[in-house]
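The values are calculated or read from the model by the stated rules, or taken from the named source; none is laboratory data. Please read all numbers here as calculations on a predicted model, not as lab measurements. Here the Cβ positions follow ideal geometry from the backbone for every residue, glycine too, while neighbour counts run over all protein chains shown. For the accessible areas, the whole protein counts, side chains as well, though only heavy atoms, and no ligand, DNA or RNA atoms are used. Shrake-Rupley method; radii C 1.70, N 1.55, O 1.52, S 1.80 Å.
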Amino acid sequence: MPENIAAFEGTCVVIPCRFNYPEELRPSVVHGIWYFNSPYPKNYPPVVYKSRTNIVHESYLGRTRLLGELNARNCTLQITRLSPELTGKYYFRGDLGGYNQYTYSEHCNLEIINKPTIVTPPEVLEGSEVELRCVVPDNCPEMKPIISWTNHEDLAEYSVYGQVEEEGSTWALISTLKFLPSRENNHREVGCKVTYANTTFEFDSVSTLDVKYIPRIVQANSSAEVIQGSPVVLVCAVDSNPLSLISWLREDDVLYEELAGSLTLHLENVTYLQDGIYTCVAENIYGKENHSMALTVMYPPWKPVVNVSMVVVEGDPVTVLCSTQSNPEPIITIFKEMKVMKTVVYSNQLALEFSSVTHEDDGEYWCIAENQFGQRGTAFNLTVEFAPLVLPESKCTAARDTVQCICAAKSNPEAVITFKLPTRNVTVNETDREFVYSQKTGYTITSILTLRGEVDSQLYIVCSARNLYGTKDQQLQFHHSNSLMWAKVGPVGAVVAFAILIAVVCYVSQTRKKKNMNESFMQTENPPVIYSGDYRTPGNLEKSESKEICSLESH
């Protein structure tokens, strides 16, 4: 007999059974007994069937009959109207008469079931054809099962076919469902239903599909622009089976990873250093997928950097480079005294070029960088060194007995101003403080020479300004006035007036001592005197026949 056999509750089952005995016994009649759960009569097991009498256990009354011919050594048993309590072991005992009775140790395990068995493959992989088998016992010739599938209609490329299989003297009807699974089929319940004709019997079983598939990112941030200092939340949700290892990376650096269905990355107070490409990577044993997004951090310009304040020589080519960093790129402007020198739009660098720098380019400049998030500026100086320029206000003013000459020169570095009187072969500069007073304002130096006495018609005065880059000589124009005209340069007017007063006193004193000499006098408030070609002290001047401390010879 089969070791195991199954049947649905309420249906029937036929247990195939054959037995042998020694040929020499040659019994005239063979009887048999079927026991339930024990082979030994002394244990008084329930009698399922007995060929000698109709006495059986109450559980089997009207339910059992022998289908086999015992004399032909066939002990096949049929049990109908199966109920759960009939589940168990069934033993056959042969009775050949007299003491020739024997219980066979081989037995059959009867299982009463109420649903079919759905057999699924070890792995259901997306896109790979799969077979589901619905296995139904078919061990009752009087009742034939009918199998159908449920909830399968929209499975991709599905087909159904049936077959009958025999194993170990038991039969099974098998229905096979073939299809191509997709990720959408994961966790889907596919059913198998068994019915019997002309009955109300219906047995159902359901199998939940466990479809394996590669990760798919179903939610992730798009590229975004944020303001520096803002919080940022990056979300990556993944559909996969099994779960994926989800990672957030910036460029090639792993920031956060976890085995999960979703991973959130929190960035607090973002800075420009966190600007870049962020990538979510999801991976399981079947594959991986990634999604990248650009995080753009917007911020105001940094303080502009200038390629240092510089000192240049007039005529040289000069390039001033102002650079900064911001997002978006800024508008950069270079100003000088509120005048726009050059502007560049949406660039982190501005070059201001002078093909030939002049003294007018000297001064303080500002480099201003701005975008919609802010403005920053840097001041720098461009210092131009240049040869002296004698300014238009340089002139001589002649009154009746006084000549005052102003020589104003602009230069860098500071010029040395010298007054030349070619007709008298005399040179006076600012070191001759008895005759010349000088004052500096910015790059302009102003020297004042005062002459006292009658103006010689042949007299002309040259203003000479000199520094290491050159010398500029210019004859000063005379302006006549009915009254004494004073040249004033800035705050030196009061000092000049005082110097002239001293000159007058000196003139009167010298006139009394040298009545026969007609001399021109000049005087200022400061010490030594330098004449063209040599240096003379006040003692040397007293010995000179042509010059005195307070006078120059005139006609």
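Take the residues in region 299-309 that are out of contact with any helix residue (DSSP H, G or I) (no Cβ under 9 Å at 6 or more places or on another chain) and in a strand (DSSP E or B); name whichever of them is most open to solvent (accessible area, probe 1.4 Å). Looking at the filtered set, the residue picked out is Val305. Number of residues in region 112-131 that are exposed (fewer than 15 other Cβ atoms within 10 Å of the Cβ) and closer than 28 Å to Glu9 by Cβ: the value is 3. A Cβ distance below 7 Å, combined with a sequence gap of six or more or placement on separate chains, defines the contacts here; from region 240-255, residues that are within 12 Å of Tyr286 (Cβ to Cβ) reach residues that are aromatic (Phe, Trp, Tyr) in the pairs Ser240/Tyr213; Asn241/Tyr213.
Taking the criterion of being out of contact with any Cys (no Cβ under 8 Å at 6 or more places or on another chain), in a strand (DSSP E or B) and open to solvent by 70 Å² or more (accessible area, probe 1.4 Å), the residues of region 215-227 that qualify are Arg216, Val218, Glu225, Ile227. In the set (1) under 40 Å from the mean Cα position of the chain (by Cα); (2) outside any strand (DSSP E or B); (3) small (Gly, Ala, Ser), Gly377 fails one condition alone, (2).
Conditions tested, residue by residue: (1) open to solvent by 70 Å² or more (accessible area, probe 1.4 Å); (2) modelled with pLDDT under 95; (3) among the aliphatic types (A, V, I, L, M); (4) in contact with a helix residue (DSSP H, G or I) (Cβ under 8 Å, 6 or more places away or on another chain).
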site: Arg133; (1), (2), (3), (4): no, no, no, no
site: Gln163; (1), (2), (3), (4): no, yes, no, no
site: Glu166; (1), (2), (3), (4): yes, yes, no, no
site: Lys178; (1), (2), (3), (4): no, no, no, no
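Pairing each residue of region 420-437 that is farther than 19 Å from Asp456 by Cβ and in a strand (DSSP E or B) with any residue that is at pLDDT 85 or above and of a type in the set (Phe, Trp, Tyr), provided the two are 6+ apart or on different chains, yields C-beta distances under 8 Å for Asn429/Phe419; Val436/Phe419.
Under the condition of being assigned to a loop (DSSP other than H, G, I, E, B) and in contact with a Ser or Thr (Cβ under 7 Å, 6 or more places away or on another chain), which residue from region 310-337 is surrounded by the fewest Cβ atoms within 10 Å (Cβ to Cβ)? Reasoning before the result, please.
Here is the first cut: in region 310-337, the residues assigned to a loop (DSSP other than H, G, I, E, B) are 314-317, 324-326, 328-330, 337.
Next, only the ones that are in contact with a Ser or Thr (Cβ under 7 Å, 6 or more places away or on another chain) stay: 314-315, 317, 329-330.
Working: Glu314: 18, Gly315: 15, Pro317: 10, Glu329: 17, Pro330: 28.
Looking at the filtered set, the residue picked out is Pro317.
Among the numbered conditions (1) open to solvent by 20 Å² or more (accessible area, probe 1.4 Å); (2) over 19 Å from Glu3 (Cα atoms); (3) not aromatic (Phe, Trp, Tyr), the only one that Arg73 does not meet is (2). The strands (runs of 3 or more DSSP E) falling completely within region 230-280 include none with 3 or more residues that are within 13 Å of the chain's Cα centre (by Cα), charged (D, E, K, R) and at positive phi.
For every residue, the table says whether it meets (1) surrounded by fewer than 13 Cβ atoms within 10 Å (Cβ to Cβ); (2) touching a residue at least 40 places away in the same chain (Cβ under 8 Å).
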residue	(1), (2)
Cys17	no, yes
Gly32	no, yes
Lys42	yes, no
Lys50	no, no
Thr53	yes, no
Gly88	no, yes
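Does Ala237 qualify as being touching a residue at least 24 places away in the same chain (Cβ under 8 Å) and under 30 Å from Asn186 (Cβ atoms)? Criteria met by Ala237.
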